[in-house]
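Here the structure comes first, spelled out in structure tokens, and everything after it is commentary.
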Amino acid sequence: MDNNFNVLIVDDVVENIQVAMNVLKEENYNLSFALNGEEALSLIKDTGFDLILLDIMMPVMDGFSVCKNLKADDFTKDIPIIFLTAKTDIESISKGFELGAVDYITKPFNPDELLARTRTHLELYKGKLLLAQNNLSIKVKAEKEKERLLTELEKNQKEIIYILAELTETVSDETGKHIKRVADISRLLAYYYPSLSDEDVDTIHCSAPMHDIGKIAVDPKILHKPSSLTAEEFELMKEHTTLAHKVLKCSDRKIIKAADIIAMQHHEKWDGSGYPKGLKGEDIHIYGRIVAIADVFDALTHKRVYKDSWTPEDASAYIQKNAGTHFDPTLVALFMEHVEEFVTLAKI
Ligand SMILES: [Fe+2]
Ligand SMILES: [Fe+2]
């Protein structure tokens, strides 16, 4: 057994300390002593003891008070205390155990008994510490694993969203990395919007790629038509918002719920002239209002089958011109304030 234990003997009579030390020295413990309760308490605060042999009758502060003090302190409450005393009355023995001592040895003691009991309580204490350490490392490992799995799940979820979104890109008339750019532009705009949290910013970044997911269910002839759509075709095209809602509304997951809002509302307009519901102003969810700007800005700055790309200056002028009609004017102001950053994102 590893005997590298710190044992403290507290007694106001030096001879008693010497007797106990003589007995215990054969175990090679690190032995310390204190001649009164106060000295003991200050020593214990500085050194981490593994066991305390405590006399009861001492001047200034008796052993019971020392024990009470140690048990009341989180740092010292688990150190095993053995009363080593000449007090042999039942009341004192009971009081000693009541105060939390692990053992009670009366003087004069049998050296073998002192050795055996000390050894037993040190082993027990060591075992308890090891168990606590193991439990802690199991807990830490479990926490780390949980974190790893959550990150993995989140990564998987994001990847699936991108796969689905890119599928939309391939069936619709989008070119290049429109979906990724809309997500990045939306994230930056959300970041500048004062009342949105970091969580909102992340949610919008993850959900924005799904804004046009309903196009998967729109007739490809309409999606790929190089000329302008007839009124009837346009009505069918508008359905990509409600078609997405039909599928996404079934989820309780934060990102999918946000994607549902975005897919439904990214064509709503601030003045109520948008679709599918003709929502107005702040009745349009902030996620929808943000993606509306990101979607139009990116679409304008890139070539489509039916149009050439606009310069960033023309596209941002368009956004500004439509503040209060198509777009949320507060968002447009933020967009214009940081327009250079949005232009950079649109060029990626
Ligand atoms: Fe759309
Ligand atoms: Fe789009």
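When you scan the stretch 22-38, do you find a residue that is part of a loop (DSSP other than H, G, I, E, B) and more than 16 Å from V10 (Cα to Cα), even just one? Show your work before the answer.
So the first thing to find is which residues in the stretch 22-38 are part of a loop (DSSP other than H, G, I, E, B), and the list is 28-29, 35-36.
Within this subset, residues satisfying the condition of being more than 16 Å from V10 (Cα to Cα) are 28.
Among the residues of the stretch 22-38, at least one is part of a loop (DSSP other than H, G, I, E, B) and more than 16 Å from V10 (Cα to Cα), which makes the answer yes.
If you go through the stretch 122-133 and pick out every residue that is crowded, with 17+ Cβ neighbours inside 10 Å and over 36 Å from the mean Cα position of the chain (by Cα), you end up with 1. Identify, from the list P194, P209, the residue that is crowded, with 20+ Cβ neighbours inside 10 Å, over 21 Å from S316 (Cα atoms) and either out of contact with any Lys or Arg (no Cβ under 8 Å at 6 or more places or on another chain) or at pLDDT 90 or above (or both). None of the other options fit; the residue is P209.
Considering the stretch 198-247, the residues that are within 16 Å of ligand 2 (Cβ to nearest atom) and of a type in the set (G, A, S) include one that is nearest to I185 (Cα to Cα), namely A208.
Give the residue, chosen from I79, I90, that is aliphatic (A, V, I, L, M) and in contact with a strand residue (DSSP E or B) (Cβ under 7 Å, 6 or more places away or on another chain). Please lay out each step first, then the result.
Working: I90 fails: in contact with a strand residue (DSSP E or B) (Cβ under 7 Å, 6 or more places away or on another chain).
Result: I79 is the single residue among I79, I90 that is aliphatic (A, V, I, L, M) and in contact with a strand residue (DSSP E or B) (Cβ under 7 Å, 6 or more places away or on another chain).
Kindly provide the set of residues from the stretch 31-55 that are under 18 Å from K107 (Cβ atoms) and surrounded by fewer than 21 Cβ atoms within 10 Å (Cβ to Cβ), ordered by number. Give the steps one after another, and end with the answer.
Of the residues in the stretch 31-55, the ones under 18 Å from K107 (Cβ atoms) are 31, 33-37, 40, 51-55.
L31, F33, L35, N36 - these are the residues of the stretch 31-55 that are under 18 Å from K107 (Cβ atoms) and surrounded by fewer than 21 Cβ atoms within 10 Å (Cβ to Cβ).
When the stretch 290-322 is filtered for residues that are without any contact (Cβ under 8 Å) to a residue 40 or more places away in the chain, in a loop (DSSP other than H, G, I, E, B) and within 28 Å of A258 (Cα to Cα), only N322 remains.
Residue pairs whose Cβ atoms lie under 6 Å apart, sitting 6 or more positions apart in sequence or on different chains, and linking a residue in the stretch 180-194 that is within 18 Å of L164 (Cα to Cα) to a partner that is of a type outside the set (V, I, T) and buried (at least 24 other Cβ atoms within 10 Å of the Cβ), are R181/D298; V182/A208; V182/A294; V182/D298; A183/A208; A183/P209.
On the basis of being in the same structural domain as T203 (by TED's automatic domain parsing) and closer than 23 Å to D200 by Cα, does L331 make the cut? So that I can check it myself, show each step before the final result.
Values: in the same structural domain as T203 (by TED's automatic domain parsing): yes; closer than 23 Å to D200 by Cα: yes.
Considered against the rule, which asks whether it is in the same structural domain as T203 (by TED's automatic domain parsing) and closer than 23 Å to D200 by Cα, L331 comes out as yes.
The values are calculated or read from the model by the stated rules, or taken from the named source; none is laboratory data. Please read all numbers here as calculations on a predicted model, not as lab measurements. Because the Cβ atoms are built from the backbone with ideal geometry, glycine has one as well, and the counts that use them run over all protein chains shown.
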